[in-house]
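The values are calculated or read from the model by the stated rules, or taken from the named source; none is laboratory data. Everything numeric here is computed off the predicted structure, so don't read it as measured data. Glycine gets a Cβ as well: all are built from the backbone with ideal geometry, and neighbour counts include every protein chain shown.
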Amino acid sequence: MTPTTASDPADEPLRTFDFAPTDNLLREDVKQLGALVGEILAEQRGPAFLEAVERLRRAAIDRRESNAPVDDLATALHGVDLAHAADLVRAFASYFQAVNLAERVHRIRRRRDHERAEHGAQPEGLLDTVTRLAGEGVDADTMAALLERLRIEPVFTAHPTEAVRRVLLEKERQIVTCLVADIDRGRTPAERRADRERMRLALTASWQTAEAPAARQSVNDEFEHVGFYLAEVLYRVLPVFHETLADALESTYGRTFELPPLLGFGTWVGGDMDGNPNVGADTIAASLAGQRGLVLAAYRRDLRALAELLSQSTVRVQVDDAVLERLEAYRALMPSEAAALKPRHADMPYRNLLTLMEARLAATAREEPAGYPDAASFLGDVQLIEASLLAHGGEHAGAFAVRRLRRRAQCFGFHLASLDLRQDSAMHDAALAALLENPDWADRPVAERVAALHEVIAGHQPTPAVEPEAAASTLAVFRTVAELRPRLGTRAFGPYIISMSRTAADALAVLALARIAHCVDDDGQVPLDVAPLFETVADLEAAPDTLRQLFADPVYRDHLAARGNRQVVMLGYSDSAKDGGIVASRWALQQTQLQLTRLAGESGVRIAFFHGRGGSISRGGGKTSRAVVAAPRGSVDGYLRLTEQGEVIHRKYGIRAIALRNLEQATGAVLRATLRPRPADDREARWRDIAGELARDARAHYRALVHEHPDFPAYFRAATPIDVIERLRIGSRPSKRAGPEAGVESLRAIPWVFSWSQNRCGLTAWYGVGTALAAARERHGDAVLAEMARDWPFFATMVDDVEMVLAKSDPAIFDRYSRLASALPQGDLHARLHPLIAGEFDRTRDAILAIKGQSGLLENDARLRQSIRLRNPYVDPISLLQVDLLARWREGGREDEALFHALVATVNGIAAGVQNTG
């Protein structure tokens, strides 16, 4: 399309962009929301403020389009009044919040366009995947057999780098509702005016609402945040997902498939004890109680709606005797509630039963005797009604709606999401040292510890009569599991994850502690999956030997047999990348999955990989579907469990249609990777050798700077806003692990990565890559590396991920951050270290472009390139403001609270604009 001109004020914000014809409506949405933001800024802060924002935005655009130095823009922002600075940040953040929303709605529009097309199969959607698999020879029986064991489990974690307040989430949803209502521009002028006013109201209220709460987030706040996505989005989406898959299967194979529950959801909120003193037995109980309350309330809403819908009269249609008998039983169980049933509804058994079922759920919430004893009993009632409707002409008279409730009850039970438990292995060792009265427990040889743990598990090892304080909190956790599991159901708890797992003794320690706390089932087995988490590169490399020792242990094999001979293994993307850089991390993860998959075949134990991925590329982020396809053959096997963290949760699950799309893509990738993995390629042996070389060289270069350069810790603390991030109220968990501070080792991976995305460098995702690729190009030539980037999904995904981070980085703006390290007690660290980083950035960029045969970054991804260009004019001023505010805050000894709050606003703004941050 023809570029817009500056002469049209409404089009002026988009003057430098050529939108593809398919994106014309996206362009209109961006214009409309941008105009609303401008009106709100003028109304709330005055026309002069709006003009100041516009001058800065135009200067940022001019600087980008002309490739001019950043100095003039930085000068314009130097020394800005604090109140004005905070408002500027919020103004620019409001603009790209509008861009974010417009892009999300446009994704919904594109999906509808595909569905309306002749074939209606959106790429990577379920219909597209099933059709392709059928075309490649997957028959209906093979597909049905896989569906019986297919399982997709997103797990929402409790340490966000961007946690949008729930009140703001609700306002975003109001805006999206208005945009979706007019998604095809079919609203009347009056309706569009009303929608515009609703959007203006929501945007104005958002401007007048603080982005962050006044107090640091508690575990309860984190639960409220995650609960929104579970109860308001995924609860609604779940049956639609199953219906979409059922329709795709039926249209492809010409037969009906009865789908089992395919989706499950997990959470770490309230159960992630690793390094968080605020989490323990009490938060576990509170989180599960909160989840139970949310799902019971959701069921009650559904029951009320069904009671209005199912008005069938016995004088017009038959009803199964089982339904009538259940109704009479509930009349007797709840006589006061039965007496309140309306006499004119006496011939409507479904309506009356549903009304009493809602009353019984209310009693369940109050924990009264008339309540349901478990979720299975509630599900049984729903199934009774569905079966009766289907038997008596009710397929199109309510059975569909009842089926939706049945799907929800099968997935969410009375627990909503499985609560994972996680603790550091060192905490288990401390508890055992106290219980066994052996202070040297952790230092004993592994074989000795294993033998002692066998004795404890067998009940032969005496424990102190008085419970040691060091063990009390750990044992309380297991006692809470034992107490709540019978009431909430077997799926209320996910795996028990052991951070920093290194030996077989770490897994056996969990069984021993659970046994001491009497957390066992009727068969005497611990009713939890024990999941070692391998986090560093060295731990990943040692994982096959660790698992081999475990599988050879007779006591642990008894536990595995009780768990269906399935071992959950969690793979740590974050700490492995922080330890050795992205190439070493990705390669260690790939090799570990390959070797453990082979071990599974040898041992008869099915290994279920749990991917601990973050939001950023250097923490395993990126497109889930591509990561699944790039996994080693046989490692997926119909199962995908992965963490969803930080801003990824909001981006992927904030809107129902987009949540559905993400679930479809993940499921489609698992179907393909399981049923039709890519064929073996004779070239892969050489490619693997080269990947090993790349991992070795990249790790050495990365560690030489990050872990071995004596000046790097001081430079890091000066050239990034880590001192601000450490004080942010964005999570209940401390930013550092316990123990003495040493370099960056004690810092958690999330603030580590977050810091380098804030300063627009992105070092954690590419440092070391350029040096390694340059050496590989010299040894093997560009042709081989280009072949790997084209034909090997593992390498292609990594190269594309690095390219994306490079494209989002800005060396000129990073240079301004680096100059903050010019005058430190250690000397001018900018002069010493910035050339190393800048040189590696250039090497990485040049190598990626050469391998991909491109003249510029993202040359083959116009949509992402456009998305970044849309945001940069709004992010750049916030970044330069942050540099200026950091210098002022630090000069004052970091004591000025007003400066700090302005800095917090910049952190939130940059995170929302850059995305893929933590």
Residues located in the stretch 769-792, provided they are crowded, with 16+ Cβ neighbours inside 10 Å and farther than 17 Å from Gly853 by Cα: Val769, Thr771, Ala772, Ala775
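For the subset of the stretch 842-878 comprising residues that are assigned to a helix (DSSP H, G or I) and of a type in the set (Asp, Glu), which member is nearest to Ile61 (Cα to Cα)?
Asp876
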Search result, residues across the stretch 79-112 that are among the small types (Gly, Ala, Ser), assigned to a helix (DSSP H, G or I) and farther than 20 Å from Leu201 by Cβ: Ala83, Ala85, Ala86
Of all residues in the stretch 616-630 being among the small types (Gly, Ala, Ser) and in contact (Cβ under 8 Å) with a residue 60 or more places away in the chain, the one that is surrounded by the most Cβ atoms within 10 Å (Cβ to Cβ): Ser616
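For the condition in contact with a strand residue (DSSP E or B) (Cβ under 7 Å, 6 or more places away or on another chain) and part of a helix (DSSP H, G or I), what is the one hit in Ala588, Ala543, Ala577, Ala584?
Ala543
Answer yes or no: is there a residue in the stretch 599-608 that is assigned to a strand (DSSP E or B), in contact (Cβ under 8 Å) with a residue 24 or more places away in the chain, in contact with a helix residue (DSSP H, G or I) (Cβ under 7 Å, 6 or more places away or on another chain) and of a type in the set (D, E, K, R).
Scanning the stretch 599-608, I find at least one residue that is assigned to a strand (DSSP E or B), in contact (Cβ under 8 Å) with a residue 24 or more places away in the chain, in contact with a helix residue (DSSP H, G or I) (Cβ under 7 Å, 6 or more places away or on another chain) and of a type in the set (D, E, K, R), so the answer is yes.
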Which listed residue is over 15 Å from Ala322 (Cβ atoms), crowded, with 20+ Cβ neighbours inside 10 Å and of a type in the set (Asp, Glu), from Asp374, Asp420: Asp420
Candidate set from the stretch 887-918 (those that are at pLDDT below 90 and of a type in the set (S, T, N, Q)); member that is surrounded by the most Cβ atoms within 10 Å (Cβ to Cβ): Thr917
So Ala507, is it without any contact (Cβ under 8 Å) to a residue 60 or more places away in the chain and surrounded by fewer than 24 Cβ atoms within 10 Å (Cβ to Cβ): no
Residue count, the stretch 805-861 (criterion: more than 23 Å from Pro877 (Cα to Cα), over 30 Å from the mean Cα position of the chain (by Cα) and among the basic types (Lys, Arg)): 2
Pairs where the first residue, in the stretch 456-478, is free of Cβ contacts under 8 Å to residues at least 12 places away in the same chain and closer than 25 Å to Ala286 by Cα and the second is among the small types (Gly, Ala, Ser) and surrounded by fewer than 16 Cβ atoms within 10 Å (Cβ to Cβ), C-beta under 9 Å, 6+ apart: none
Failed condition for Glu891, given (1) assigned by TED's automatic domain parsing to the domain that holds Leu728; (2) out of contact with any helix residue (DSSP H, G or I) (no Cβ under 9 Å at 6 or more places or on another chain): (1)
Pairs, first outside any helix (DSSP H, G or I) in the stretch 374-402, second aromatic (Phe, Trp, Tyr), C-beta under 8 Å, six or more apart: Asp374/Phe414
Residue list for the stretch 558-574, restricted to those being surrounded by 21 or more Cβ atoms within 10 Å (Cβ to Cβ) and part of a helix (DSSP H, G or I): His559, Leu560, Ser574
Residue count for the stretch 113-137, restricted to those that are farther than 24 Å from Asp29 by Cβ and either assigned to a helix (DSSP H, G or I) or over 31 Å from the mean Cα position of the chain (by Cα) (or both): 14
Residue list for the stretch 269-302, restricted to those being among the aliphatic types (A, V, I, L, M) and either more than 19 Å from Cys411 (Cβ to Cβ) or not in a helix (DSSP H, G or I) (or both): Val269, Met273, Val279, Ala281, Ile284, Ala285, Ala286, Ala289
